[in-house]
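These notes concern the structure reproduced below.
The values are calculated or read from the model by the stated rules, or taken from the named source; none is laboratory data. The model shown is predicted, which means the values in this text are computed figures rather than measured ones. Cβ sites come from the backbone with ideal geometry, for glycine too, and all protein chains shown count toward neighbours.
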Amino acid sequence: MIRPRTKIVIADDHPIIRCGIKAVLEQRAEWWVCAEAADGEAAVRLAREHAAEIVILDYGLPVLNGLEATRQIRRAMPETEVLIYTMHEDEGLVREILRAGARGYLLKSEDDSELLAAVAALNRRQTYFSPRVTEYLLDDFLSGQAVDQRPELTPREREVVRLVAEGESNKRIAARLGVSVKTVDSHRTTAMRKLDLRNVVDLVHYAIRNKLTSP
């Protein structure tokens, strides 16, 4: 059986940049750039119309910037992955973008190979950051304690936390552990409440600090 191609929406207000991104992505036969947008509002609309699996957004989009577009896409389509592809390196912006639900942040100064790697990672439900962005996040991790002294998780809660931090969706975790999606969501919610974590970004920080993720 032939697998359907991954549908990708590109949003950038510069046509030449959109053309370049499309040319890079179409090196992979299994990916399909199904729509292009010149502003954030159009990106949200096209992502919904095409049921896109990945949306690539510049931050500096007109009408809706990349941050607000990310929020709206993730709210309307929780299974759609968002990659921010931008020149902006501000640490505060990186944190806000990740809190909004993007799971990839790539600088336009990176090689085309990094763009391919980022899209491939998001297509596998994994996170991907530019090396310099990773440095920002590691600085945050290292500024805290090497190991958090927080309430103990059960073995199953630790397993769910690890898999979420490694980029797995609730549905994939449920299939992997042989439990229902509702059970996975319950373990995830309980773990986050025990650890006083607000969002997935905080959960990833916790998992890395406590060496729960695979090397």
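When you check Glu152 against the structure, is it at pLDDT 85 or above, more than 17 Å from the chain's Cα centre (by Cα), outside the structural domain of Asp12 (by TED's automatic domain parsing) and more than 26 Å from Thr6 (Cα to Cα), yes or no?
no
Anything in segment 57-76 that is among the β-branched types (Val, Ile, Thr) and in contact with an Asp or Glu (Cβ under 8 Å, 6 or more places away or on another chain)? List them, or say none.
Of everything in segment 57-76, just one residue is among the β-branched types (Val, Ile, Thr) and in contact with an Asp or Glu (Cβ under 8 Å, 6 or more places away or on another chain), namely Val63.
What's the total number of residues in segment 156-176 that are in contact with a Lys or Arg (Cβ under 8 Å, 6 or more places away or on another chain) and in a helix (DSSP H, G or I)?
Here the count works out to 7.
Of (1) surrounded by 17 or more Cβ atoms within 10 Å (Cβ to Cβ); (2) at pLDDT below 75; (3) not in a helix (DSSP H, G or I), Val147 satisfies all except one. Which?
Condition (1) is where Val147 drops out.
Residues are listed down the side, and each one gets a yes or a no for (1) under 25 Å from Arg132 (Cα atoms); (2) touching a residue at least 60 places away in the same chain (Cβ under 8 Å); (3) of a type in the set (Gly, Ala, Ser):
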{"position": "Arg5", "(1), (2), (3)": "no, no, no"}
{"position": "Ile10", "(1), (2), (3)": "yes, no, no"}
{"position": "Gln27", "(1), (2), (3)": "no, yes, no"}
{"position": "Glu30", "(1), (2), (3)": "no, no, no"}
{"position": "Ala35", "(1), (2), (3)": "no, no, yes"}
{"position": "Gly66", "(1), (2), (3)": "yes, no, yes"}
{"position": "Arg75", "(1), (2), (3)": "no, no, no"}
{"position": "Glu81", "(1), (2), (3)": "yes, no, no"}
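Is there any pair with a first residue in segment 88-108 that is at pLDDT below 85 and a second that is assigned to a helix (DSSP H, G or I) and surrounded by fewer than 15 Cβ atoms within 10 Å (Cβ to Cβ) whose Cβ atoms are under 7 Å apart and which are 6 or more apart or on different chains, and what are they?
Listed pairs, sorted by first residue: Glu89/Arg132.
Determine, yes or no, whether Ser186 is outside the structural domain of Thr127 (by TED's automatic domain parsing), more than 19 Å from the chain's Cα centre (by Cα) and among the small types (Gly, Ala, Ser).
yes
Look at Thr190 and say whether it is more than 20 Å from Gly101 (Cβ to Cβ) and free of Cβ contacts under 8 Å to residues at least 24 places away in the same chain.
no
Output the residue which, of all residues in segment 77-112 that are touching an Asp or Glu at 6+ places or on another chain (Cβ under 9 Å) and β-branched (Val, Ile, Thr), is surrounded by the fewest Cβ atoms within 10 Å (Cβ to Cβ).
Ranking the candidates gives Thr80 first.
Here are the criteria: (1) surrounded by fewer than 17 Cβ atoms within 10 Å (Cβ to Cβ); (2) aliphatic (A, V, I, L, M); (3) touching a strand residue (DSSP E or B) at 6+ places or on another chain (Cβ under 8 Å). Tell me which single one Leu115 does not satisfy.
(1)
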